[in-house]
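Right, one structure below, let's go through it.
Readers should treat all values here as calculations from the given coordinates under stated rules, not as data from a laboratory. Keep in mind the model is a prediction, meaning the values are calculated, not measured. Quick reminder, even Gly has a Cβ in these numbers, built from the backbone with ideal geometry, and neighbours come from all protein chains shown.
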Amino acid sequence: MPSYDKADVQRRMHGAVEALKHDLGGLRTGRASTALLDPVQVEVYGANMPLNQVATVSVPEPRLISVQVWDRSNMNAVEKAIRSAGLGINPITDGQMIRLPIPDLTEERRKELAKLASQYAEKARIAVRNVRRDAMDALKNDEKKKEISEDEHKRLDTEVQKMTDDTIKEIDGAAQAKEKEILNK
């Protein structure tokens with residue numbers, strides 16, 4: 001049985017794109033977004049939990065995120081987690097509600113975030129190239145084992161390369177759109 005699996009290659013390449021989109025979603029662009037708090041982990045009940053498992057996160061206004069903590073005893077832990085997440089946001093506590101006003105981004109911070117977006121994109125490109133390499137190796141092995149012909153190998157090589165090119169184009173597009181959004185162009 002051939003070891004090359006087109007569906008698996010597509011799934012893994014798509015996974016790299018999805019991971020990139022998730023990473024880019026967490027980058028702050030000056031607009032409030034609940035995705036901004038996705039990476040925040042809160043230490044409660046003796047475990048680290050994602051913020052959205054101990055509170056309701058919403059965006060009532062374009063430049064404000066509100067965090068409604070369910071259990072009053074977790075307020076300090078949630079506030080501490082938000083402060084230490086390195087988001088550059090100062091939480092304002094009001095009862096069981098924490099307000100997070102989103103400040104304007106400085107030009108310097110915009111450049112840092114744009115650079116981070118391109119680093120995320122490069123990480124995704126590398127992941128896609130690794131998938132391509134695995135697929136090419138599988139094709140080489142299949143030909144060696146006489147499970148596919150030389151012509152079939154060449155055809156599938158081209159197919160894998162086209163999937164790689166298309167995926168990298170998608171990655172570049174997502175990264176450029178995010179950089180534009182960050183730099184406000």
Column: log10 I(q)/I(0), Debye, Cα scatterers of the range 41-110, q = 0.15 Å⁻¹: -0.48
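Kirkwood Rh over alpha-carbon pairs of the range 36-185, then Stokes-Einstein at 37 °C and 0.692 mPa s: what D in µm² s⁻¹, rounded to an integer?
172 µm²/s
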Cα-projected label distance for Asp166 with Glu107, points at 7 Å along beta-carbon direction, nm: 4.2 nm
Cα→Cβ-extended label distance, 7 Å offset, between Asp134 and Ala85, nm: 3.1 nm
Estimated inter-spin distance, Ile92 and Ser3, nm [label 7 Å along Cα→Cβ]: 6.0 nm
Set of the range 94-130 residues, backbone N closer than 17 Å to the point 7 Å along the Cα-Cβ line of Gln68: 94-100
Cα centroid separation - the range 1-65 against the range 73-140, whole Å: 9 Å
Cα gyration tensor, the range 14-70 - rounded (a/c under 1.5), prolate or oblate: oblate
Calculated [θ] (222 nm, deg cm²/dmol) that DSSP helices of n ≥ 4 give over the chain, each run adding -39,500 (n - 2.57): -19500 deg cm²/dmol
